[in-house]
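Heads up: the structure comes next, in structure tokens.
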Amino acid sequence: MGSKWQVLVAVAVAELLAMSLWFSASAVIPQLTVEWSLDAAQQSWLTVSVQLGFVAGAVASALTNLADRMPAHRVVQYGAVLGALANGAIAVLRPTFGVALALRFLTGACLAGVYPPAMKLMVSWFEHRRGMAIGVLVGATTVGSALPHLFSVLPLFPGQAGLPPWPAVLIAASISALVGAGIIGLWVRPGPYLPVTARFDWRQAARGFSDTALRRANFGYLGHMWELYAMWTWVPLFLLQVYRANGIGEGPARVAGFMIIAVGGLGCVVAGVVADRVGRTLVTSVSMLVSGACALVAGSLGASPWLLTAVCLLWGFAVVADSAQFSAAVSELSDPAYVGTALTTQTAAGFLLTTLTIRLVPTAAATDGWWLALALLAVGPAFGIRAMMALRAMPVARKLAGGRR
């Protein structure tokens, strides 16, 4: 098992590999659209079903106190294995669209056992520098979410001509998750600072929106989530359309799609380090300001694929850079005995909101064009900045980042 730094690396690598399950179907939407004759609403459901599964899994885990009944590393390991099986079944069975959605829902529910318990594992090893450790974890999760876009251009089997077929991309993601599960099983155990948490309490959950400071931190997170997963789902496909329209190959477009999500991993680490020095409300607000500005202009750059790619890389860096800081803020503002309840409430509300914008973007793009579709995402950062600046003005904000707010 080794030192905390070895555990940090092992957990980060395992999360990176396991989270490739999340967008494995979304990355091959063009191929699945042909396979199943999908319309815009059905395309959205390939990702929305994962989001809903994740919420259901997170709430079920909290209600059953699973993370305390079973060692956290086992929850992560089993979640990755079961998620890999559910995801791989789509590629092997090639079922109807409805059955595929059910399997995507199960995949999301299993991922609720991969990401939140991994954060608990990280905290158990880092009494100090937790902001950096969680930033590394979120960064690894971000890069992992981008992996299917890279798988979609790699030669995944001998003799392959052209891009791999969609089942190969899903199988690659499932194998990746199984390797991640193996890493957790072999090299990770809970650390000496494992937090003691109380059972999920609905009254404490309601406090997340009745307490003014917590409500503002959660509103900031909701503004962030309004934008994040819709951007990750649809901007790579927008890039694919733009590259095709400008006579650029599909391969470069898919690599660009990978890069604009993966660069967020660097953003998470940078923001985690900076937030511990200058404050969480400031870092989250600046991140949302940059990402919101990119949302406003990206859709108008369809005639300039390289400029669009540059803007999307900046967008990808900023859009997730602040993610870990909202969780950190809620953990600092909550009753220590009910941090788990507070984070579950935040996560469930945020991922439920993502289902709205994931569904909204393709509909708006089909009727009003990509500029309006992507510009609608800027509403979230504007709302989030207002909430975080209001939180910054409160005396209780001194609890954040060691007094740096």
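The numbers here are math on the coordinates, done by the rules we state, and not lab data. The structure displayed is predicted, hence computed values, not measured ones. Neighbour counts run over all protein chains shown; Cβ positions are idealised from the backbone, glycine included.
Extension gain for the segment Arg244 to Leu186, taken as residue separation times 0.36 nm less the Cα-Cα distance, is 16.5 nm to one decimal. Hydrodynamic estimate: the Kirkwood radius of the range 203-393 over Cα pairs, inserted into Stokes-Einstein at 20 °C and 1.002 mPa s, corresponds to D of 127 µm²/s. Put the Cα centre of the range 328-375 next to the Cα centre of the range 60-82 and the gap is 23 Å.
Do any trypsin sites (Lys or Arg not before Pro) in the range 59-121 lie in a loop, going by DSSP, with at most 14 other beta-carbon atoms within 10 Å of their beta carbon, and if so which? Each step should come with its number before you reach the end.
On the way: sites: Arg69, Arg74, Arg104, Lys120; in loops: none.
Those that pass, being in a loop and sparsely packed, number zero.
Once you have a ≥ b ≥ c as the square roots of the Cα gyration tensor eigenvalues for the chain, tell me rounded if a/c is under 1.5, and otherwise prolate or oblate according to whether a/b is larger than b/c. Oblate shape, in that a/c is at least 1.5 and b/c is the bigger or equal ratio.
Computed from the Cβ-Cβ distance with R0 of 25 Å, the FRET efficiency linking Ser304 to Ser37 stands at 0.15.
Along the range 269-274 the Karplus relation, 6.51 cos²θ - 1.76 cosθ + 1.60 evaluated at θ = phi - 60°, assigns HN-Hα couplings of 5, 4, 5, x, 5, 5 Hz to successive residues, with x for each Gly and Pro. Cβ crowding within 10 Å, taken as a proxy for footprinting-reagent exposure, orders His73, His149 from fewest neighbours to most as His73, His149. Distance from the Cα centroid of the range 237-264 to that of the range 278-315 is 16 Å (rounded to whole angstrom).
Under the simplified labelling scheme, the Val278-Ser210 pair shows an inter-label distance of 3.7 nm, with each label point 7 Å from Cα along Cα→Cβ. Taking 0.36 nm per residue of separation and subtracting the Cα-Cα distance, full extension of the segment from Leu356 to Leu93 would add 91.7 nm.
Only helical runs count toward this figure. For the chain, summing -39,500 (n - 2.57) over DSSP H runs of n ≥ 4 and dividing by all residues gives -26000 deg cm²/dmol at 222 nm.
Each residue of the range 8-16 was assigned a 3J(HN,Hα) from its phi angle through the Karplus expression (A = 6.51, B = -1.76, C = 1.60, θ = phi - 60°), giving 4, 5, 4, 5, 4, 5, 4, 5, 4 Hz with x at Gly and Pro. Gain on full extension, evaluated as 0.36 nm per residue between Ile175 and Val270 minus their Cα-Cα distance, stands at 31.2 nm.
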